[in-house]
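Student: One structure follows; several queries about it will come next.
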Amino acid sequence: MSKEHNLRYAREVVGRDPWAAFLGIQVEEVEEFRAVVSLMPQEHHLNAGQRVHGGTIYALVDQAAAVAANSGANRAWTIEGKVNFLAGAQPGVKLVAEARTLDQKRRLSLWEVRVTSGGETVAVAQVMSYNKPRGE
């Protein structure tokens, strides 16, 4: 498969994942082994404390990593994720998650994801993906 095909697959297939679409997550940028996704938090994304729910932020992390991990020659699936929440995210302030590769092996890859809100880092994460060559 061509690089253009892989990037298109990451953006249009993985990027339009039904769960991500349901949440309102949008793909902003896709490059090989890098992706930026965003979400404008609404009332239904909030917890009881009127901050963006941690599960919403984790979903944004997972989607950023999934798009980035599927932008190369492999198909990839998340097998582990760890998020450190550094600050509360406010409703109505756009969340942006950027995923970059830290390490690529034949079957496993490690991704770093940084989530910002209004320019402030609200979470950092590492996501491990299982890789399988396309067509295998």
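Each reported figure results from applying straightforward, stated rules to the coordinates on display, with no laboratory input. The structure displayed is predicted, hence computed values, not measured ones. Cβ atoms come from the backbone with ideal geometry, glycine included; neighbour counts cover every protein chain shown.
Student: Taking the condition surrounded by 15 or more Cβ atoms within 10 Å (Cβ to Cβ) and not hydroxyl-bearing (Ser, Thr, Tyr), does Val27 pass?
Tutor: Here the answer is yes, as Val27 does meet what is asked.
Student: If you take the residues of segment 90-113 that are closer than 27 Å to His45 by Cα and more than 17 Å from the chain's Cα centre (by Cα), which of them is surrounded by the fewest Cβ atoms within 10 Å (Cβ to Cβ)?
Tutor: Ranking the qualifying residues of segment 90-113, first place goes to Gly92.
Student: In segment 1-26, which residue that is touching a helix residue (DSSP H, G or I) at 6+ places or on another chain (Cβ under 8 Å) and in a helix (DSSP H, G or I) is farthest from Gln42 (Cα to Cα)?
Tutor: Ala10
Student: So, of the residues in segment 14-24 that are within 14 Å of Ala65 (Cα to Cα) and not basic (Lys, Arg), which turns out to be surrounded by the fewest Cβ atoms within 10 Å (Cβ to Cβ)?
Tutor: Asp17
Student: Among the residues of segment 117-131, count how many are in a strand (DSSP E or B) and either among the basic types (Lys, Arg) or without any contact (Cβ under 8 Å) to a residue 60 or more places away in the chain (or both).
Tutor: The qualifying residues number 6.
Student: Criterion first (hydroxyl-bearing (Ser, Thr, Tyr), under 14 Å from the mean Cα position of the chain (by Cα) and over 17 Å from Ser129 (Cα atoms)) does Thr56 satisfy it?
Tutor: Yes, satisfied.
Student: Mind checking which residues of segment 30-86 are surrounded by 14 or more Cβ atoms within 10 Å (Cβ to Cβ) and among the polar types (S, T, N, Q)?
Tutor: Ser38, Thr56, Gln63, Asn70, Ser71, Asn74, Thr78
Student: Tally up the residues in segment 1-12 that are touching a residue at least 40 places away in the same chain (Cβ under 8 Å) and within 16 Å of the chain's Cα centre (by Cα), please.
Tutor: Looking only at that region, the number is 4.
Student: Quick one: which strands (runs of 3 or more DSSP E) sit completely within segment 27-116 and have at least 1 residues that are charged (D, E, K, R), in contact (Cβ under 8 Å) with a residue 24 or more places away in the chain and touching a helix residue (DSSP H, G or I) at 6+ places or on another chain (Cβ under 8 Å)?
Tutor: The qualifying strands (runs of 3 or more DSSP E) are 34-39, 95-104.
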